[in-house]
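A quick write-up on the structure given underneath.
The values are calculated or read from the model by the stated rules, or taken from the named source; none is laboratory data. Fair warning: this is a prediction, and the values are worked out from it, not measured in the lab. In this analysis, Cβ positions are derived from the backbone assuming ideal geometry, glycine residues included, and neighbour counts consider all displayed protein chains. Surface accessibility is based on the protein's heavy atoms, side chains included, excluding ligands, DNA and RNA. Shrake-Rupley method; radii C 1.70, N 1.55, O 1.52, S 1.80 Å.
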Amino acid sequence: MAQPRLKTFPQIRRALLFYQITSVITGIGLLLLVAEMVLKYTPLHLELFAGGSGGFLHFATVVPGPGCTPTSMLTPWVGGCEIVSTGDGANLSLAILIAHGWFYVVYLFACFRVWSLMRWPFWRFLLLAGGGVVPFLSFIMEIFVARDVKHYLAEREKTAAAKRAAKAQQSSSTDPLQEAAP
């Protein structure tokens, strides 16, 4: 397997920091999204709104549209069931959904950047990408990836420094000017 070049280590460190930031934001967004979906698609049938007639922050009920059955409320994308919100103001539930979707694209870019610079196998990229769709996985992956990358970079730099020192010592001991000196 190919190893990252030493000259890319500063890029890898920046990519790792970007990955760490995006993984935390994506993980929080995913947890908010899961909470929003639980509120909306369970028997609670609630969405979060800001402003409007309900005040600063309030929940509004979600009602089934025509053609909905109790089971189709759990899978609204199947069977033409449309869920209608009764709230007014800014729909924060929808904003969470959209924000997580767009930020997941940024997270994928961060995953790709770390994966490509580290020259990892493709299955590792898939595992990293799964962090944005499996709750809590992005937090777990962030810890392990940061630890692995930092450890790898430190070990490679230590090995490279030892090789440079050995080469410098070898070249100084075979220096013809030193041998000719009295």
Query raised in the report: So for the pair Lys150, Val38, with labels modelled 7 Å out along Cα→Cβ, what separation do we get in nm?
Result: 3.1
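Using helices alone, what [θ] at 222 nm do you get for the chain, with -39,500 (n - 2.57) per DSSP H run of 4 or more residues, divided over all residues and rounded to the nearest 500?
-21500 deg cm²/dmol
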Report task. Over the chain, calculate the relative contact order: mean separation of alpha carbon pairs under 8 Å at least 6 apart, over the residue count, as a percent. Result -> 28
Query - Label-point separation, Ala162 to Leu57 (7 Å along Cα→Cβ), nm - result: 5.4
Report task. Could you state the angle between the C-alpha long axis of helix 137-173 and the longest principal axis of the C-alpha atoms of the chain, as a value from 0 to 90 degrees rounded to the nearest 10? Result -> 10
Query raised in the report: With the radius of gyration and the Kirkwood radius both derived from the Cα set of region 11-66, what is their ratio Rg to Rh?
Result: 1.24
Report summary line: Using a 1.4 Å probe on heavy atoms of the protein chains only, the accessible area for Thr69 in Å², nearest 10, reads 70
Query - Rg in Å to one decimal, and Dmax rounded to a whole Å, for region 92-151 via C-alpha atoms - result: 12.5, 41
Query raised in the report: Shape call for region 117-159 from the C-alpha gyration tensor, a ≥ b ≥ c root eigenvalues: rounded (a/c under 1.5), prolate (a/b greater than b/c) or oblate?
Result: oblate
Query raised in the report: List the chymotrypsin sites (Phe, Trp or Tyr not before Pro) in region 105-170 that DSSP assigns to loop (not H, G, I, E or B) and whose Cβ has at most 15 other Cβ atoms within 10 Å. Which are they?
Result: Phe136
Query raised in the report: Can you list the equivalent-ellipsoid semi-axes of region 1-123, largest first and in whole Å, using the square root of 5 times each Cα gyration tensor eigenvalue?
Result: 41, 18, 9
